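Participant: Please read through the structure below; I'll follow up with questions.
No value in this document is a laboratory result; all are computed from the given coordinates. Small disclaimer: the values here were computed from a predicted structure and weren't measured. Backbone-built Cβ (ideal geometry, glycine too); neighbour counts: all protein chains shown.
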Amino acid sequence: MNCNKTLSFTKMQGAGNDYIYIDCFKEDVSGLNISELSQKMSDRHFGVGSDGLVLIMPSDNGCDLRMRMFNSDGSEAEMCGNASRCVAKYAYDHKIVKNKTFTLETKAGKKVIEVFCNDNGLVEKATVNMGKPTLKPIDIPVNESGDILVAKPLKTFSHEWMITCVSMGNPHCVLFVDDVANAPVHTEGPEIEINPKFPKKTNVEFAHVVNRNFIEMRVWERGAGETMACGTGACATLVAAVLNNLTDRKATLKLLGGNLEIEWRESDNDVYMTGAAEYVFDGVWSIQ
């Protein structure tokens, strides 16, 4: 049982995707209900306020460190691209890792991260090798047959969408729209998230292709609602755009919280995400 009366934390954001980070190299979270803690701390009225909670931990599987990520509703997610960059910044700036390229254990597998520092030696951005996209519906998972799900119809209560589905370690359903600002994110997003077609629910991306190297998008995140950004969602959106022959394999994706550079390389079929990571503030949480 955790006997601490307080828990130190750091709030960070990547492209506006804000999470609370707990350094488990220093803080003891054993005995705590992390799901419940994430719900309480993430509450924007009665808590710290965030999209979720991230634990920075030692790895037992040969990586330099491990990340566990919980949504604001308490559910544990497989992976978060923006959070992984923030973990990288925290770990390098606090000398948990000393090399500028290192490995991160996640529920979606091992990720290789490279950090880039400013003149003060602190990380200002990072590139994460997000791995190969999963395209087979059964593995995303989506209740559809076949080897790929590109531009297939999905009916909701008020629309029929043409969807493209991708997993970047977590499931994504990408919809292409003409106007991101007025896209029905808050009505269609939650309905699609829990559609029976998606046995583990899904993240939903509303994307507008401006040109072959620039996409505007908004995200309804599984377990969190609309967020300022989603790194895995940006990766999935670029892959979906390439599969629909709408963009090149490298593009800038503009989210509500900022831009991410995404590249789906032909050389290794991996998706690379580059973006900033920033501190917001440090604090202490009273455990009740």
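Participant: Find me the longest stretch of the chain that has none of the exposed chymotrypsin sites (Phe, Trp or Tyr not before Pro), where exposed means in a DSSP loop (not H, G, I, E or B) with at most 16 other Cβ atoms within 10 Å.
Facilitator: 158-288
Participant: Work out the length of the dipole vector of the chain about its Cα centre, built from +1 on the beta-carbon of each Lys and Arg and -1 on the beta-carbon of each Asp and Glu, and round it to the nearest 20 debye. The partial results should precede the final answer.
Facilitator: On the way: 30 positive and 38 negative charges, 78 e Å.
Dipole magnitude for the chain comes out near 380 debye.
Participant: Taking the structure as given and computing mean projected area of the Cα convex hull in nm², which label from [x] 15.2; [y] 17.6; [z] 12.6 fits?
Facilitator: Correct label, based on the coordinates given: [x].
Participant: Okay, moving on. What angle do you read, to the nearest 10 degrees and between 0 and 90, between the alpha-carbon axis of helix 81-93 and the longest principal axis of the chain?
Facilitator: 30
Participant: Can I ask one more? So which of 11/107; 125/197; 110/152; 155/200; 11/125 end up more than 26 Å apart, counting from Cα to Cα?
Facilitator: Over 26 Å Cα-Cα: 125/197; 110/152.
Participant: Arranged by the count of other C-beta atoms within 10 angstrom, fewest first, what order do 187, 134 take?
Facilitator: 187, 134
Participant: As a footprinting exposure proxy, order 79, 162 by other Cβ within 10 Å, with the fewest listed first.
Facilitator: 162, 79
Participant: Another question about this same structure. Under the rule a/c < 1.5 gives rounded, and otherwise a/b versus b/c splits prolate from oblate, where does region 155-220 land using the Cα gyration tensor?
Facilitator: Working: a/c = 2.05, a/b = 1.32, b/c = 1.55.
Oblate, because a/c is 1.5 or more while a/b does not exceed b/c.
Participant: Give me 173, 24, 165 ranked fewest to most by other Cβ atoms within 10 Å of their Cβ, as a rough exposure proxy. It would help to have the intermediate numbers written out before the result.
Facilitator: Numbers: 173 29, 24 16, 165 26.
Ascending Cβ contact count within 10 Å gives the list 24, 165, 173.
Participant: Between residue 73 and residue 95, what length in nm is gained on full extension when 0.36 nm per residue of separation is reduced by their alpha carbon distance?
Facilitator: On the way: separation 22, 0.36 × 22 = 7.92 nm, distance 3.12 nm.
Fully extending the segment from residue 73 to residue 95 adds 4.8 nm.
Participant: Taking R0 as 45 Å, what's the FRET efficiency between residue 269 and residue 120 from their Cβ-Cβ distance, rounded to 0.05?
Facilitator: 0.80
Participant: List the residues, sorted by chain then number, that are 5 or more residues from residue 258 or on another chain and whose placed amide H is less than 5 Å from its amide H.
Facilitator: Those qualifying (amide H under 5 Å, at least 5 residues apart or on another chain) number zero.
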